[in-house]
Structures are given as structure tokens and as C-alpha cells.
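Asker: Could you have a look at this structure, given as C-alpha cells, before my questions?
The values are calculated or read from the model by the stated rules, or taken from the named source; none is laboratory data. None of these values were measured; they are calculated from a predicted model. Quick reminder, even Gly has a Cβ in these numbers, built from the backbone with ideal geometry, and neighbours come from all protein chains shown. Just the protein is used for accessible areas: all its heavy atoms, side chains included, with ligands, DNA and RNA removed. Shrake-Rupley method; radii C 1.70, N 1.55, O 1.52, S 1.80 Å.
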Number of protein chains: 2
Amino acid sequence: MIHPTTRVLAAELPGHVGEEVEISGWLHRRRGLKSVTFLVIRDRSGLAQVVAGPGVDFPEETVLRVRATVTANPQAPDGIELTGPEFTVLSGLAVPPPVSLFRPTVPAALPVILDSAPVTLRHPRLAAVHRISAASVAGFRGTLDELGFTEIQTPKVVSSATESGANVFKLDWFGSTAYLAQSPQFFKQTMVGVFERVYETGPVFRAEPHDTARHLAQYTSLDAELGFITDHRDVMAVVREAVAGMTAAVAGRAAGAVESLAVKLPEVPAEIPQVHFAEAMRMLGTDEPDLAPAHERWLSEWALREHGSEFLFVVGYPMAKRPFYTHPDPARPAYSNSFDLLFRGLELVTGGQRLHRHEDYLAALAARGEPVEPYASYLQAFAHGMPPHGGFALGLERWTARLTGADNVRRTTLFPRDLHRLTP
Amino acid sequence: MIHPTTRVLAAELPGHVGEEVEISGWLHRRRGLKSVTFLVIRDRSGLAQVVAGPGVDFPEETVLRVRATVTANPQAPDGIELTGPEFTVLSGLAVPPPVSLFRPTVPAALPVILDSAPVTLRHPRLAAVHRISAASVAGFRGTLDELGFTEIQTPKVVSSATESGANVFKLDWFGSTAYLAQSPQFFKQTMVGVFERVYETGPVFRAEPHDTARHLAQYTSLDAELGFITDHRDVMAVVREAVAGMTAAVAGRAAGAVESLAVKLPEVPAEIPQVHFAEAMRMLGTDEPDLAPAHERWLSEWALREHGSEFLFVVGYPMAKRPFYTHPDPARPAYSNSFDLLFRGLELVTGGQRLHRHEDYLAALAARGEPVEPYASYLQAFAHGMPPHGGFALGLERWTARLTGADNVRRTTLFPRDLHRLTP
């Protein structure tokens, strides 16, 4: 038996009108009038109003069990209230909450919210963001499971800072130096040789010196990689399915959160529009071989205007701007078979086709003047036959921020880590 | 379109008899006879036999696309073979495989397997272990989703080594010292205050100086925590559901792996038998307040003999042996409301009821002579009202090892990390 008590959730009360039931939760709001006290109880399913006599004076956030009768009352929220209550205090307070958790909007600035996250996240609007995040991850996994992918768990500590020399965290590993993994890139590629199609949903670490609203030092990367592709377009097709599956899961599994935050879920077109990097540069009237945040916003607006899509693939980034394992475009070798997916003005996904022949890896490293030795275990896979493959990584916090309209990715992860923040 | 080609998987061939199809995969095995060459192609779904003319001499592990006719032949494996093949080499080899991947058992010792994991894991028996692991995690999540849990992602880098002073990895965090998280314990408890029921499936880090067959420096912890419990027995009920859900998911989602490894899945009793720690000590005839590995094996055998169960809860560990946040047994305060779950001779799960009142935390820390300051953010949650709660952690690798009969947990994670191993 999971519930040895007869606890009923707030959301289940309409099915119990006329019955005496037991609910449990936090005292969300108390309003004492002359002859009556209104108490709102918050549990994981929502809110319930309790009507008690005068002078009931538990402080807000007290944890209560309430035995009472479910009574229909058209004037009560949702037409239901609990009457004739008996209270049991499960846990009292040592101090009052740092902010009023019952107000419709969150009455605090971001640093206050983050410093007191164990308490402030109880605010239903703040918690809703994380319910949307959880539903998104479930949608990602469910979609890829359907497509024959296998979930993997890879090391978060690696022996060399190979993928990119900068921005890595250094670690003392039983007396020798190691690094936190910046991505599962090498591992997921290698595992294409075993499972063909793999994904991982886990933490990655970037020692980002940037203190911006869109960078975190730890974030959740939704990674996938698949073999036996023709080129990057097969990867883009999987990205489209993943994003559609995530959207559907948010709509289904986090419907209450979507409603309470008035989230406008995107339409995911059957085919997401795309523009070549060179064409994007032409439209933007720039010749810098990179997209600045303002460029990404402009392109997103263009896609919405021209194609009615909140998503846009930018394909064919210059090889010089992509990592050594990137596969060139056979027709225009200065450009790559890679892409970014822009969503509501922000880069959400990076992906592409990878090299798959051992000799191409050796040549790519030589061309960049890099030694082979630090890549020895990675290159092992390619020395033993690897199919054409590619993959992508989607930043969970950026996705959640775009969906919920958060002005800072720090609002989309429970306990952000950055240049200045290592607690709570 | 996910598959722009007409690729058919090996397992789908019986539905295509008489047709010309295209399969792709690795050349698993080649046997050249005088007048004929047999080639076995391996893809993510299984194996397919191709019959070609004499002299076809691709080396094993070559990545091939094969266009051929699906032909029924009672003498072929599964009664099907591909005839009249045309081959396209997608990728050749730089060097031959370090071990023969086509042999029914793995012809290599553990260090060889681990050193060349990017290649050796292609062996179907080795890959099968990881398919079982993936299915187990999916079963864990699915079960807890059904029970109203919310998935969370918590920081893997923390500011102080509070949970246990020893065995932590030290990190350089933008110039100051930080630590890899040994568990999501504090975060998941805190989040009971927000979501009531939470789980996380992610990496944890232990700087274990032990070089044993059951310790890893990074492993995957399946963590859950739930509020509004009566005591630890409500947590044990959820453990039972989780383990049953994991077993069912392995049976359903990894049926091929279960069959190929001849895994005997456990029966999960509706109620898992339990024994009190004090009674276990009495039966074992020991008075050391701890269970040695030999004790765990003996107790598991006892449970199988007496209760016909491969699972056994040992409840009521001495308070002195449990962390400060452990809830005592109100009836016998030297013992705790905590438990371990033994499975096939090994401790698989640790869990219990936690303290939930702020004043009890202050008293527990004072009794152990510990300062309050390093726990400030954790204690914040309890200062603002927390319900009676508890939770558990299940070690994924130990579970997979017990299921598959692996003699070492290093066989159950793709790229193990330990005292001596930081690559591949």
C-alpha cells in the first residue's frame, strides 16, 4: 500500500463532495475575519480552501493535516470548500518565509529567489517552470525511445581537456589532474558503434567566464547521436521529432503548469524551415563568419514572418567555426554539414554530421596542428569501422526559458551554478 | 522522414521474404568456403546472414550496406538469408579488432574489455548488459511518474563536503574550492517542500579508496524522496514498486538482451520480507553494529530459504551508523527508521525516514558536535515547514550486476571510473 492514510489531494476534492476527508499540505494563505478564518492549503496537486472558526492562527507555511467535510459552495474557488476542520500540525516554522508565497506573482528579485531557493521555489509559479522542464525531458526520451535509441550514461570526469582547451573545470582525481566533461560528444559518437542510436540526458560543465542571462556553468544537455545517416538532414529530422515530442509532453504532462503560466506552446512544422549560413549572412548584410545574438533574433523574426515558424534551422556553418570532427559539405567544402536550430530568437540546438573515417580524423587533427595522442581512445572507434553518423545537443534550460518566457536561464534550473554562485 | 533510405533492420527481414532489400551494419563474421562466402551482418536489431560468391574478403567490422534478396532457407539461422548481394563499403578498418567480436562468449579479460571499450562493447553479450541497464532506468522513471513524482536535476558541484567529510573530489571552481556531489540527498529532501515527491537519475561521485568489484568512483544513482509519509514503511512500499517496475521494464524493453544473456528475472513479492537489524545480528551471532558483505550474503540466502524471496529489507539500523538526518525509531531510539534492501546477496538500496523538524536538525548536529553554518541552505527548508518524509537511493550498476550475474560492477557501466581508471 502506497498510502496507508486516506489522504486525498486538493485536485481530487470535487469527487468527494459530502464526504469527510483528510488533506495534507502547507498553509498557503490565511485570512482571519471577525467570525471566520479562511485557510488555503497547498499540496502537489493544487490548492484547497478550508473554512474554520475565528482565531485560527497558524502562520503561513505551517505543514498541516486537515480532517474536514467537502462542501459545495458556488462562492468558493472551484465551487468547493472544506468545512468543520480538525487540524493536526505536522511541522511548524522556525522563521517566517523570506517572501510571501501566496501572492499571484513572485514578489522578489532574482538574487533573492535564488538565495532562498529551498523556500521560494514553493511559489506555484516558480515550481511550474520546473514541472515544464521535467515534462520536456520525458518527452525527449519518449520520442527517441520510439525511434529505436538506447539511453546511455557516460563519464562526467575525463582525463584530458580535449574537446575544447578552454573553459574546463580542473579536478583532483586521486592525486592526478582530471577535468569535468564539457559534453558527452566523444562517448556518444563512440556508442554509435555499439547501439547505432543513443541519447543521454545529463549534466555538462562549462567554466564559462561569461556572466550573462543565458550561460550556466552546469546545465542539462539533451544529447543524441545516430548512425547510418545520409547526411545532416537525417539528424535534423530527428531534432524535429524530438522538439515536437517535447512540446506534446509539456502539453500533456504539465498541463496545469502551462495553464498557470499562460505558456503559449509552439507549433512544430512538419518540416522546419531552413536557411543556409551563407544566405543568412547575405540577408543580414554581414561578413563576419558567426551569428551574434542580434543576428539570431533577426533570423527568428524573419522565419516567423516568411514561414510562419518559431523554429529555424541555420545550416552549413563555416568549417573554420566548427570542431574538428565536423563533416564538410561535399559540394562546398568550406562549409559544413552542420546546423543550429533557432527557437524564438535563441540558439537551442547545435548538431551536424560528423566525420566517420579514421583517415579523415587523422587529417582533420593534422590540419589543425593537433596531436593524436590525447584522442587515442576516441579514435579507436573509428579505426574499427564506424558508419556515417551525426547528432545534436539541446540545452534544456534554454528550451524551458523560451517556453516560459523566462528572462534568465537561472529561473529554469532549480539550483543554478555560475561564476558567482555555488550555493544553495 | 527519418529514413530517407529503404534500410531494413535484420530483425525485420522475416517480413520481407522474396523482396530485394537494403540492410546496413558491421560485418560481424565472415567464413569463406571454396564456392561460397557466408557473411553475418550485425545491426542494432540483431544479425543477418548473407550468402555471396567465393572470395569476398572484407575484414570483420567493416561497415557495409548490402542490397540483396530475402530468401527463405530452413538451414539458415532463423530460416532466412540474403542472397545475390551487392556490397557498398561505408567505412573500412585501420586495424583489426583487439578481440574477436563474433565469438559466442567474450574472449578477453576485464582490463582488455575496458581498455578497448569503444570496440569491445560491440560484442552482443557486452552490449546486452547495457540495454538491460537502460531499460531499468526507464522502468524506474515510469513507475515513479505513475506515482506522482516529479523529475529533478540537481547540482553536481557543491560548496562544502558536508554530507560526509571523506571521499570527496576537490575541484577548482573559478579560483575557489568546490566538491563533486556524493549524492543529491540534500537537494532532493529540500525539493519535497516544493513537489512532495521527486526523483533524480544521475551521476554521483565517491573518491573511494577501495579497489573492489563493487565500488566505482562515478556511478548512476536512482534517487527518490517523498513527503507526507507515516514512517519508513511508506518509503519501502515505493521501493517495492520501483523494483517491480524496473523488472517489468527489463522484461518488456530488453527482452532480446534478457534472452541472449539467459537472465533470470526476479519475482518481486507483493510484500518484500523484512528483518530487524537487531534480529539479523542475533541470527548472525555477531554483535558488531554493521553488516559485512558475508553477512549480507547469508541474510539473502536466509530470505530465499525462509520466504522464497530474492529481496530482503533489513530495517532499523543503529542510529550511530546512519547520517545525522536519519529519523530514530520512536519506540527504540537507538535504532532508526531506516532500511537497506538486499538483492541476491548485495546491498542494493539504502533509505529511510528523515528528520523533518528544524529543531530536530539543530539537536542532531549539536549531538554530533557539528557546526550549523555549512548546512545553512539545507536547513532553510526545515525552518519553513517540512512534512514527514523519507527516500532512498538505488545503485544502478549494482542492480544490473545482480541481474546479469556480472562479477564486477565495471562490466555494467560503459566507461567505468575508479582509483586507477580515467580512460577511455
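Asker: Rounded to the nearest percent, how much of the accessible area of the range A:84-131 (1.4 Å probe, protein heavy atoms only) is carbon and sulfur?
Answerer: So the carbon and sulfur contribution to the accessible surface is 58 percent.
Asker: Taking each label point as 7 Å beyond Cα in the direction of the beta carbon, state the distances from B:P111 to the same residue in the other copies, shortest first, in nm.
Answerer: Spelled out, the distances from B:P111's label point are 5.5 nm.
Asker: Which shape class applies to the range B:231-283: rounded if a/c is under 1.5, otherwise prolate when a/b exceeds b/c and oblate if not, where a ≥ b ≥ c are the square roots of the Cα gyration tensor eigenvalues?
Answerer: oblate
Asker: Which shape class applies to the range B:14-80: rounded if a/c is under 1.5, otherwise prolate when a/b exceeds b/c and oblate if not, where a ≥ b ≥ c are the square roots of the Cα gyration tensor eigenvalues? Could you put the intermediate results ahead of the total?
Answerer: Numbers: a/c = 1.67, a/b = 1.21, b/c = 1.39.
Because a/c hits 1.5 or more and a/b fails to exceed b/c, the range B:14-80 counts as oblate.
Asker: Order B:E12, A:E208, most accessible first, counting only protein heavy atoms with a 1.4 angstrom probe.
Answerer: Working: B:E12 85, A:E208 30 Å².
Accessible-area ranking of B:E12, A:E208, largest first: B:E12, A:E208.
Asker: In whole angstrom, note down how far apart the Cα centers of the range A:369-395 and the range B:111-126 are.
Answerer: With the range A:369-395 and the range B:111-126 each reduced to a Cα centre, they are spaced 16 Å.
Asker: Okay, next question. Between A:E373 and A:A320, what's the calculated FRET efficiency when r is the beta-carbon distance and R0 is 30 Å? Round to 0.05.
Answerer: Computed FRET efficiency for A:E373 and A:A320: 0.80.
Asker: Give me log10 I(q)/I(0) at q = 0.12, 0.15, 0.23 Å⁻¹ for the range B:303-393, Debye formula, one equal scatterer per alpha-carbon, no solvent.
Answerer: -0.44, -0.64, -1.15
Asker: Given Cα pairs under 8 Å that are at least 6 residues apart, what percent is the relative contact order of the range A:66-155? Before the final figure, lay out each step's value.
Answerer: On the way: 54 pairs, mean separation 14.1, N = 90.
For the range A:66-155, the relative contact order is 16 percent.
Asker: Could you give the distance between the Cα centres of the range A:235-278 and the range A:51-98, to the whole Å?
Answerer: Cα centroid to Cα centroid, the span is 39 Å.
Asker: Across the range A:33-48, in residue order, what do the Karplus-derived ³J(HN,Hα) couplings come to in whole Hz, using 6.51 cos²θ - 1.76 cosθ + 1.60 with θ = phi - 60° and x for Gly and Pro?
Answerer: Per residue, the Karplus-derived 3J(HN,Hα) values read 9, 4, 10, 8, 10, 9, 10, 9, 9, 10, 10, 5, 9, x, 10, 9 Hz.
Asker: Also: Over the range B:318-424, with every protein chain in place, what whole percent of the accessible area is carbon and sulfur at 1.4 Å, could you tell me?
Answerer: 54
Asker: To the nearest 0.05, what FRET efficiency results for A:A251 and B:R305 with a Förster distance of 45 Å applied to their C-beta separation? Each step should come with its number before you reach the end.
Answerer: Numbers: r = 52 Å, r/R0 = 1.15.
Calculated transfer efficiency: 0.30.
Asker: Dipole size in debye (nearest 20) for the protein assembly as shown around its Cα centre, Lys and Arg Cβ +1, Asp and Glu Cβ -1?
Answerer: That gives the protein assembly as shown a dipole magnitude of about 400 debye.
Asker: For the protein assembly as shown, what's the radius of gyration and Dmax over Cα atoms, in angstrom?
Answerer: Cα radius of gyration and Dmax of the protein assembly as shown are 28.4, 102 Å respectively.
Asker: Roughly what would the spin-label model give for A:V112 and B:A331, points 7 Å off Cα along C-beta, in nm?
Answerer: In this crude spin-label approximation the distance works out to 4.8 nm.
Asker: Something else now. Using a 1.4 Å probe on protein heavy atoms only, how many Å² of accessible area do A and B hide from each other, summed over both chains and rounded to 100?
Answerer: 8500
Asker: Would you calculate the separation in nanometres between label points at A:D290 and B:T212, each defined as 7 Å from the Cα along the Cα-to-beta-carbon direction?
Answerer: 5.1
Asker: Report B:S160's accessible area, 1.4 Å probe, all protein chains in place, as a number in Å² to the nearest 10.
Answerer: Surface accessible to solvent at B:S160 totals approximately 40 Å².
Asker: Moving on to the next point. Between copies, how far apart are the B:P54 label points? List them in nm, one decimal, shortest first, with each point 7 Å from Cα toward Cβ, please?
Answerer: 10.9
Asker: Separate question: State the answer as a single residue: which of A:L64, A:T37, A:V17 lies farthest towards the positive end of the charge dipole of the range A:10-91, with beta carbon charges of +1 for Lys and Arg and -1 for Asp and Glu, about the Cα centre.
Answerer: A:T37
Asker: What relative contact order, as a whole-number percentage, does chain B give when Cα pairs under 8 Å and 6 or more residues apart are counted?
Answerer: Numbers: 818 pairs, mean separation 59.1, N = 424.
Relative contact order here is 14 percent.
Asker: Round to the nearest 10 and report in Å² the accessible area of A:E306, as given by a 1.4 Å probe over the protein chains' heavy atoms.
Answerer: A:E306 exposes around 110 Å² with every protein chain in place.
Asker: Right, something else. Taking a probe of 1.4 angstrom, what is the accessible area of B:E241 in Å², to the nearest 10?
Answerer: Its heavy atoms expose roughly 60 Å² to the probe.
Asker: Between B:G369 and the same site in the other copies, what are the distances in nm, shortest first, taking label points 7 Å from Cα along the C-beta direction?
Answerer: Result, one decimal in nm: 5.8.
Asker: Any chance you could check the range B:172-196 for residues losing 20 Å² or more of accessible area when the partner protein chains are in, compared with the chain on its own (1.4 Å probe)?
Answerer: Residues shielded by partner chains are B:D172, B:W173, B:F174, B:L180, B:F187, B:T190, B:M191, B:G193, B:V194, B:F195, B:E196.
Asker: I'd like to check one number: the per residue accessible area of the protein assembly as shown, probe 1.4 Å, reported in Å² as a whole number.
Answerer: Using a 1.4 Å probe on heavy atoms only, each residue of the protein assembly as shown averages 38 Å².
Asker: Quick one: putting +1 on the C-beta of Lys and Arg, -1 on the C-beta of Asp and Glu, what dipole do you get for the range B:165-305 around its Cα centre, in Debye to the nearest 20?
Answerer: It works out to roughly 280 debye.
Asker: Say a paramagnetic label sat at a point 7 Å from the Cα of A:E146, along Cα to Cβ; which residues of the range B:135-160 have their backbone N under 20 Å from it?
Answerer: Within reach of a label on A:E146: B:135, B:138-139, B:141-143, B:145-146.
Asker: Work out, step by step, the length gained on full extension between B:F174 and B:R282: first 0.36 nm times the residue separation, then minus their alpha carbon distance; give nm to one decimal.
Answerer: Contour length minus Cα-Cα distance gives 33.6 nm.
Asker: Can you sort A:F313, A:F87 by solvent-accessible area, 1.4 Å probe, largest first?
Answerer: Numbers: A:F313 5, A:F87 55 Å².
Greatest to least solvent exposure: A:F87, A:F313.
Asker: Pulled fully out, how much extra length does the chain show between B:W298 and B:K264, if you take 0.36 nm times their separation in residues and subtract their Cα-Cα distance?
Answerer: 10.2 nm
Asker: Past 18 Å, Cα to Cα: identify those pairs from A:K156/A:K321; A:K170/A:K321; A:K188/B:K170; A:K170/B:K188; A:K188/B:K188; A:K170/B:K156, in the order given.
Answerer: A:K156/A:K321; A:K170/A:K321; A:K188/B:K170; A:K170/B:K188; A:K188/B:K188
Asker: I'd like the FRET efficiency for A:V36 and B:A11, computed as 1/(1 + (r/R0)^6) with the beta carbon distance as r and R0 of 41 Å, rounded to 0.05.
Answerer: On the way: r = 68 Å, r/R0 = 1.65.
Using R0 = 41 Å, I get an efficiency of 0.05.
Asker: Name the trypsin sites (Lys or Arg not before Pro) in the range A:366-424 that are in a loop by DSSP and that have at most 12 other C-beta atoms within 10 Å, would you?
Answerer: Details: sites: A:R368, A:R398, A:R402, A:R410, A:R411, A:R417, A:R421; in loops: A:R368, A:R417.
Passing sites in the range A:366-424 are A:R368.
Asker: So how much slack lies between A:N167 and A:T423, counting 0.36 nm per residue of separation and subtracting their Cα-Cα distance, in nm?
Answerer: 90.1 nm
Asker: To continue, here is another question. Provide B:H130, A:H16 ordered by accessible surface of protein heavy atoms (probe 1.4 Å), highest first.
Answerer: Numbers: B:H130 15, A:H16 50 Å².
I get A:H16, B:H130, largest accessible area first.
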